[in-house]
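Everything below concerns the one structure shown next.
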Amino acid sequence: MTSDRKLRLGAFLQATGHHVSAWLHPDADADAGHNLDHYKRLAQTAERGKFDLVFVADSPGGYADFTDEATFRQNAKAAHFEPVTLWSALSQVTERVGFVATSTTTYEDPYTTARKFASLDWVSGGRAAWNVVTTGADVSANFSRTEHLDHAKRYERAEEYIDVVKGLWDSYEDGAFVRDRANGVYLDTDKFHVLGHQGAHFQVRGPLNIARPPQGYPVIVQAGASEPGRELAARTAEVIFTANLVLEDAQEFYGDVKARVAKYGRRREDLLVMPGIFAVLGGTEAEAQANYEELQALVHPAVAWGILRRHYQGVDLSDYSLDDVAPPLPGDTNGSKSRLKLVSDLVERERPTLRQLYRQVSTARGHLTTVGTPEQVADLIQTWFENGAADGFNVMPPVLPTGLTDFVDQVVPILQRRGLFREEYEGRTLRENLGLRRPANSLARKPDALAEAS
């Protein structure tokens, strides 16, 4: 088929791969978290595949319990590069692919966030994106905090935080730095603005000490699917990384967030929805299933129970075996409410055994998992794309680097032949390639205001 609407693809990277025991696989780079050459190859592979972006998961601090056997057996993701630093390096060995870095609104300062993402946008030539997270995990002990903010307060803080960051990015209008040597004028002060923010959570004077980013704003990405998360995304986000296991749930989420944007003066196309997809490939269905079973065989029993305990916090599982039907999950959490709901719905819908549940979660933590041939994976992607469930996907390779290479070499050509995905990049910035508008400067004097002043 052919259409003006094109699929968006991101490479969602965990150092050794998304499967919980990926580091044990013979194809994995076990030292990937600290291996810059590993990430160079991944970024260049994604660009060869014409991906829109690459993204790494990140947390603002370590919070694992290393007295737990499950942790020291599986936690190959415990140590890895800070993402803005990593992307700054990788932007120098790529030309078109965008870079999404996670930064928390709960444990960081908006001025620092605005400055580092504006810098990344300049360093990369307009290819930066900020993945806004409120941080579900309690890492307060790493940041001189006495407690972790509750869910509602985290989102209240995030709303104001994003407004402050965007305001700081508008400290200077485009062309403010005239650098006129003949007249000795470096800055056009009519294009300079002091934010002067006074709010419930932040008091930030400004200005930012860097010019307005090449994209106007780095692309704003958000991942929450709770009620506050959906509303925050509808008002502020341009890309949503979401998790859905079945088409009907994906369609509900897609329709809901798209319908919310109008009240904020936005168009449906100003917000792209990109679920995660964990694809295990094989030349035949039997080969794909064998590859899947090879991965699952790497999961140590202690790791399996560790996965289950994280989802059943406060629940005693000591009398259960892995072949018992999974009981209902706890009803509430101060962590990720959307992920709790997703796994709770899975338990209610499918009534899995605890073994089946950990196997499902060990792959992609609740994201869509598919096992099949490249054609079958392309079929699934096309179905979701054409039926109101997704604007694109964040590909979650089971094992790296081979999982990304296989997807680029085997699935992308099928999507291109079907007219679903680009064969060449449309532009040089991430906004251009995603089809997103460059935002106007919110602090600039509007033409009608100028006319009144004169």
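Go through G10, G17 for me and flag whichever is buried (at least 23 other Cβ atoms within 10 Å of the Cβ) and at positive phi.
Details: G10 fails: at positive phi.
On inspection, the qualifying residue turns out to be G17.
So for the stretch 187-204 (the condition being under 23 Å from Q92 (Cα atoms), in contact (Cβ under 8 Å) with a residue 24 or more places away in the chain and surrounded by 19 or more Cβ atoms within 10 Å (Cβ to Cβ)), does at least one residue qualify?
No, that holds for no residue.
Being open to solvent by less than 40 Å² (accessible area, probe 1.4 Å) and of a type in the set (S, T, Y) is the filter here; which residues of the stretch 244-272 pass it?
Within the stretch 244-272, Y254 is the sole residue that qualifies.
In this structure, does D138 turn out to be touching a His at 6+ places or on another chain (Cβ under 9 Å), open to solvent by 50 Å² or more (accessible area, probe 1.4 Å) and either of a type outside the set (D, E, K, R) or under 26 Å from L86 (Cα atoms) (or both)? Quick ask: steps written out before the conclusion?
On the way: touching a His at 6+ places or on another chain (Cβ under 9 Å): yes; open to solvent by 50 Å² or more (accessible area, probe 1.4 Å): yes; either of a type outside the set (D, E, K, R) or under 26 Å from L86 (Cα atoms) (or both): yes.
For D138, the condition - touching a His at 6+ places or on another chain (Cβ under 9 Å), open to solvent by 50 Å² or more (accessible area, probe 1.4 Å) and either of a type outside the set (D, E, K, R) or under 26 Å from L86 (Cα atoms) (or both) - is met.
Every residue in the stretch 103-123 that is in contact with a strand residue (DSSP E or B) (Cβ under 8 Å, 6 or more places away or on another chain), without any contact (Cβ under 8 Å) to a residue 60 or more places away in the chain and open to solvent by 10 Å² or more (accessible area, probe 1.4 Å), please.
K116 - this is the single residue of the stretch 103-123 that is in contact with a strand residue (DSSP E or B) (Cβ under 8 Å, 6 or more places away or on another chain), without any contact (Cβ under 8 Å) to a residue 60 or more places away in the chain and open to solvent by 10 Å² or more (accessible area, probe 1.4 Å).
Quick check on the stretch 29-54: of everything there that is at pLDDT below 95 and either touching a Phe, Trp or Tyr at 6+ places or on another chain (Cβ under 8 Å) or buried (at least 23 other Cβ atoms within 10 Å of the Cβ) (or both), which residue is farthest from H80 (Cα to Cα)?
My answer is A30.
Of all residues in the stretch 283-314 being among the β-branched types (V, I, T) and modelled with pLDDT of 90 or more, which is most open to solvent (accessible area, probe 1.4 Å)?
Step one: filter the stretch 283-314 for residues among the β-branched types (V, I, T), giving 284, 299, 303, 307.
Okay, now just the ones that are also modelled with pLDDT of 90 or more, so 284, 299.
On the way: T284: 63, V299: 15 Å².
The qualifying residue most open to solvent (accessible area, probe 1.4 Å) is T284.
Surrounded by 21 or more Cβ atoms within 10 Å (Cβ to Cβ), closer than 30 Å to Q296 by Cβ and within 19 Å of the chain's Cα centre (by Cα): is that true of L430 in this structure?
On the way: surrounded by 21 or more Cβ atoms within 10 Å (Cβ to Cβ): yes; closer than 30 Å to Q296 by Cβ: no; within 19 Å of the chain's Cα centre (by Cα): yes.
Answer is no for this residue.
Against the condition in contact with a Leu (Cβ under 6 Å, 6 or more places away or on another chain) and more than 25 Å from L120 (Cα to Cα), how does D391 come out, does it pass?
For D391, the condition - in contact with a Leu (Cβ under 6 Å, 6 or more places away or on another chain) and more than 25 Å from L120 (Cα to Cα) - is met.
Just to verify a result, which residue in the stretch 417-427, among those that are touching a residue at least 24 places away in the same chain (Cβ under 8 Å) and open to solvent by 40 Å² or more (accessible area, probe 1.4 Å), is farthest from L13 (Cα to Cα)?
Per the stated criteria, the residue is R418.
Pairs please, first residue from the stretch 1-16 and at pLDDT 90 or above, second anywhere and acidic (D, E) and buried (at least 23 other Cβ atoms within 10 Å of the Cβ), Cβ atoms under 7 Å, 6+ apart in sequence or on different chains.
R8/D52; R8/D391; L9/D52; G10/D52
Any idea which residue in the stretch 433-447 is surrounded by the most Cβ atoms within 10 Å (Cβ to Cβ), counting only those that are basic (K, R) and under 23 Å from the mean Cα position of the chain (by Cα)?
Selected residue: R438.
Output the number of residues of the stretch 105-126 satisfying the condition of being of a type in the set (G, A, S) and either over 11 Å from L168 (Cβ atoms) or part of a loop (DSSP other than H, G, I, E, B) (or both).
So the answer is 4.
Hey, does the stretch 231-243 have a residue that's of a type outside the set (K, R) and surrounded by fewer than 19 Cβ atoms within 10 Å (Cβ to Cβ)?
At the first step, the residues of the stretch 231-243 found to be of a type outside the set (K, R) are 231-234, 236-243.
Subsequent filtering for residues that are surrounded by fewer than 19 Cβ atoms within 10 Å (Cβ to Cβ) retains 231.
Scanning the stretch 231-243, I find at least one residue that is of a type outside the set (K, R) and surrounded by fewer than 19 Cβ atoms within 10 Å (Cβ to Cβ), so the answer is yes.
Looking only at residues in the stretch 219-230 that are in a helix (DSSP H, G or I) and open to solvent by 30 Å² or more (accessible area, probe 1.4 Å), which one is nearest to A152 (Cα to Cα)?
Once the filter is applied, the top-ranked residue is P228.
Within the stretch 134-171, how many residues are touching a strand residue (DSSP E or B) at 6+ places or on another chain (Cβ under 9 Å) and either modelled with pLDDT of 95 or more or closer than 13 Å to Y217 by Cβ (or both)?
10
Residues checked against (1) open to solvent by 30 Å² or more (accessible area, probe 1.4 Å); (2) touching a His at 6+ places or on another chain (Cβ under 7 Å); (3) part of a loop (DSSP other than H, G, I, E, B):
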site	(1), (2), (3)
E160	no, yes, no
D163	yes, no, no
K166	yes, no, no
D174	yes, no, yes
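Which condition from (1) at pLDDT 90 or above; (2) in contact with a Leu (Cβ under 9 Å, 6 or more places away or on another chain); (3) open to solvent by 50 Å² or more (accessible area, probe 1.4 Å) is the one that S88 breaks?
All conditions are met except number (3).
Filter the stretch 141-158 for residues that are among the hydrophobic types (A, V, I, L, M, F, W, C), open to solvent by 30 Å² or more (accessible area, probe 1.4 Å) and in a helix (DSSP H, G or I); which is nearest to L195 (Cα to Cα)? If you could, list the steps in order and put the result at the bottom.
Restricting attention to the stretch 141-158, the residues satisfying the condition of being among the hydrophobic types (A, V, I, L, M, F, W, C) are 141, 143, 149, 152, 158.
If we keep only those that are open to solvent by 30 Å² or more (accessible area, probe 1.4 Å) too, we end up with 141, 143, 149, 152.
If we keep only those that are in a helix (DSSP H, G or I) too, we end up with 141, 152.
Working: A141: 32, A152: 26 Å.
Looking at the filtered set, the residue picked out is A152.
Name, by its number, the condition in (1) farther than 22 Å from W384 by Cβ; (2) modelled with pLDDT of 95 or more; (3) more than 25 Å from the chain's Cα centre (by Cα) that does not hold for P330.
(2)
The values are calculated or read from the model by the stated rules, or taken from the named source; none is laboratory data. Everything quoted here is computed from the prediction, not taken from an experiment. Please note: Cβ atoms are built from the backbone with ideal geometry, for glycine as well, and neighbour counts cover all protein chains shown. Please note that ligands, DNA and RNA were not included when accessible areas were found on the heavy atoms of the full protein model with its side chains. Shrake-Rupley method; radii C 1.70, N 1.55, O 1.52, S 1.80 Å.
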